[in-house]
Amino acid sequence: MSMIANINTDCECLPLARADIDRRLGQCGLSKQVDDLLKGRENIFAQTPVFVSNDDHAAMLSTIDAIEALTHLQPFQDSVLARAGIKLPVEKTHGLILGYDFHLSDEGPRLIEVNTNAGGAFIVSKLLHAVGSDFTCCYESKIYGAKPNEQSIDAFLVSMFGHEFKLGGGTALKTLAIIDEDPAEQYLYPDMLIAKSLLEKNGINVLIADPGEVIAKQGGLYVGEQKIDMIYNRLTDFMLEDPRHQHIKAAYECRQVVLSPAPFHHALFADKRNLILFGDDQELSGFGLNPQHRAALNSVPKTVALEPGNADELWTQRKVLFFKPRDGFGSRAAYRGRKITTKVWGQISGGSHVAQEFVPPSLRVVTIADGAVKLKFDLRIYTFGGQAFAMAARVYQGQTTNFRTRGGGFAPVILINN
């Protein structure tokens, strides 16, 4: 075990009292509504930072660079878009905020998955601003080359939306709709409210709406009487297959609205079957990916499709595997192999899941009212167009990240030398 891993597991250092986090966030100019919502989410912020080595951070950025390079190669695009049944012209947009999720291991960081509608970036930006000044070696942004501050990250987030709209064929973004199912009931609703406040302070009208509130008329999409220029898509119906979302899909396909992320971005980055390709050096070579980028993708745990033809073999190996639905999100229908039942196995072995080599999450000791406990954590790097602009750990207990663990939640990351 490395020195930094020992610090995470044994050192109860730099505790973060939730009351202090709330107080400092209250000084960030949040609205009373957002402030109250965050205070009501007891486990949204961890009570400790997490330590990561500069070498591991550099390795994670190299993995991200490799995937970004791969997604620009025409043979790779042709392969994954054909599999997804997408026949639209190639998108020029980036898909707004992507989240690259990693576990740390003795062999270095391992990419667990990529998410296209990665929530939490706006909350994390406020967390970094609120507590970052305490940590003199805190996360240094690849973009800004300086410790995170509210002005730099906020400026980047605002410019991101304007740039994405122009890539989608627009000129000046006037009205943005943040769309999710019952948005006010979502755990990360404060994230949407922070985005709305930030963008409106910079001259962009923002609506937060359920897809049922979006109406197709007069050559475009409307919420009430307001025409939408662009949708920040937070739906987990990634391919827009739900009949309730067909009017949004039709408007997107007719280029009546800029939709980001869109089915194109999910197929390119986040379909779990891509993990199979990311970890297959022969396939990567065939796509034309250079040796340096192929080497960086050694960080992807071996992943295979779970199908009837290999189900018996994978059943015997299940204790060292983790099973994920190819279009899943969060922890839904995801299973640790050693805990899977024969009933569940019968439900998932027909082709809906992939089997990934299990990489145990790292541990971080956290002091709560009952004493010190060791919780798991993963690392999420937020990117736009391949550029990392924020990083946070997610501290939890259980099978996957859940924001239900005392002492757990989003945590700032402190980078230190090995």
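The values are calculated or read from the model by the stated rules, or taken from the named source; none is laboratory data. For clarity, every value in this text was computed on a predicted model and none was experimentally measured. Glycine also receives a Cβ, built like all others from the backbone with ideal geometry; neighbour counts cover every protein chain displayed. To get the accessible areas, we keep the full protein, side chains included, count just its heavy atoms, and leave off ligands, DNA and RNA. Shrake-Rupley method; radii C 1.70, N 1.55, O 1.52, S 1.80 Å.
Taking springs between alpha-carbon atoms closer than 10 angstrom, which of Asn298, Asn202, Asn117 fluctuates most in the Gaussian network model of the chain?
Residue with maximal mean-square fluctuation among Asn298, Asn202, Asn117: Asn202.
I'd like the distance separating the alpha-carbon centroids of the stretch 331-397 and the stretch 272-325, in whole Å.
Centre-to-centre distance over Cα atoms comes out at 17 Å.
Taking trypsin sites (Lys or Arg not before Pro) as exposed when DSSP calls them loop (any state but H, G, I, E, B) and at most 13 other Cβ atoms lie within 10 Å, what is the longest stretch of the chain free of them, the sites themselves excluded?
No qualifying site falls inside 93-200, the longest such stretch.
Using only helices, what value at 222 nm comes out for the chain when you add -39,500 (n - 2.57) per DSSP H run of length 4 or more and divide by the total residues, to the nearest 500 deg cm²/dmol?
The helix-only estimate for the chain comes to -9500 deg cm²/dmol at 222 nm.
Out of the total accessible area of the chain (probe 1.4 Å, heavy atoms of protein only), what percent is carbon and sulfur?
50 percent
Determine the shape class of the stretch 30-73: with a ≥ b ≥ c the square roots of the Cα gyration tensor eigenvalues, call it rounded for a/c under 1.5, and otherwise prolate if a/b is greater than b/c, oblate otherwise.
Verdict is oblate for the stretch 30-73.
For an R0 of 25 angstrom, estimate the FRET efficiency from the Cβ-Cβ distance between Asn290 and Val90 and round to the nearest 0.05. Show your work: numbers first, answer last.
Values: r = 21 Å, r/R0 = 0.84.
The calculated FRET efficiency here is 0.75.
Give, in nm to one decimal, the length gained when the segment between Lys339 and Glu225 is fully stretched (0.36 nm per residue of separation minus the Cα-Cα distance).
35.9 nm
Could you check the simple spin-label distance between Asp182 and Asp370, using points 7 Å along Cα→Cβ, in nm with one decimal?
Result for the modelled spin labels: 3.0 nm.
When the chain is fully extended, how far beyond the present Cα-Cα distance does Lys302 get from Cys13, taking 0.36 nm per residue of separation?
That works out to 100.5 nm of additional length.
Going 7 Å from the Cα of Glu357 along its beta-carbon direction, which residues of the stretch 291-313 have the amide nitrogen within less than 13 Å of the resulting point?
Residues passing the 13 Å test: 297-304.
Using the Cβ atoms and a cut-off under 9 Å, what net charge is assigned to the surroundings of Val354, where Lys and Arg are +1 and Asp and Glu are -1?
Result for the local shell: +4.
Across the stretch 160-268, how large is the tail of the calculated P(r) beyond 16 Å, expressed as a percent of all Cα pairs?
56 percent
Given a cut-off of under 8 Å on Cα pairs at least six residues apart, what relative contact order in percent is computed for the stretch 337-407?
Averaging sequence separation for qualifying contacts and normalising by length gives 20 percent for the stretch 337-407.
Taking only protein heavy atoms into account and a 1.4 Å probe, give the accessible area per residue of the stretch 15-135 in Å².
The answer is 37 Å² per residue.
Where the centre of each part is set by its Cα atoms, how far does the stretch 48-127 sit from the stretch 225-261, in angstrom?
22 Å
Could you tell me which GluC sites (Glu not before Pro) in the stretch 16-119 are loop residues by DSSP with no more than 15 other beta carbons within 10 angstrom of their beta carbon?
Qualifying residues, ordered by number: Glu42, Glu107.
Excluding Arg406 itself, what net charge comes from residues whose Cβ is under 9 Å from its Cβ, given Lys and Arg +1 and Asp and Glu -1?
Result for the neighbourhood of Arg406: -1.
Could you pull out the pairs from Lys126/Lys374; Lys174/Lys376; Lys92/Lys339 whose alpha carbons sit more than 31 Å apart here?
Numbers: Lys126/Lys374 26 Å; Lys174/Lys376 42 Å; Lys92/Lys339 42 Å.
Correct reply: Lys174/Lys376; Lys92/Lys339.
So what is the diffusion coefficient of the stretch 276-418 in µm² per second by Stokes-Einstein at 4 °C and 1.567 mPa s, using a Kirkwood Rh over Cα pairs? Intermediate results must be reported in sequence, preceding the final value.
Values: Rh = 17.5 Å.
Approximately 74 µm²/s, per Stokes-Einstein.
Can you check how the C-alpha radius of gyration of the chain compares to 2.2 N^0.38 Å, as a plain ratio? Walk me through the numbers on the way to the answer.
Working: Rg = 21.1 Å, N = 418, 2.2 N^0.38 = 21.8 Å.
Normalised Cα radius of gyration, the chain: 0.97.
Suppose all protein chains stay in the model; what accessible area per residue would a 1.4 Å probe give for the stretch 290-348, in Å²?
Computed with neighbouring chains in place, this is 59 Å² per residue.
Is the C-alpha gyration tensor of the stretch 3-77 telling us rounded, prolate or oblate? Criteria: a/c under 1.5 is rounded; beyond that, a/b larger than b/c is prolate, otherwise oblate.
oblate
Before I look further, what does the stretch 150-238 give for accessible area per residue, probe 1.4 Å, in whole square angstrom?
Spelled out: the 1.4 Å probe surface of the stretch 150-238, per residue, equals 41 Å².
Over all distinct alpha-carbon pairs, what is the Kirkwood Rh of the stretch 324-397 in angstrom?
On the way: mean 1/r = 0.0656 Å⁻¹.
About 15.2 Å, per the Kirkwood formula over Cα pairs.
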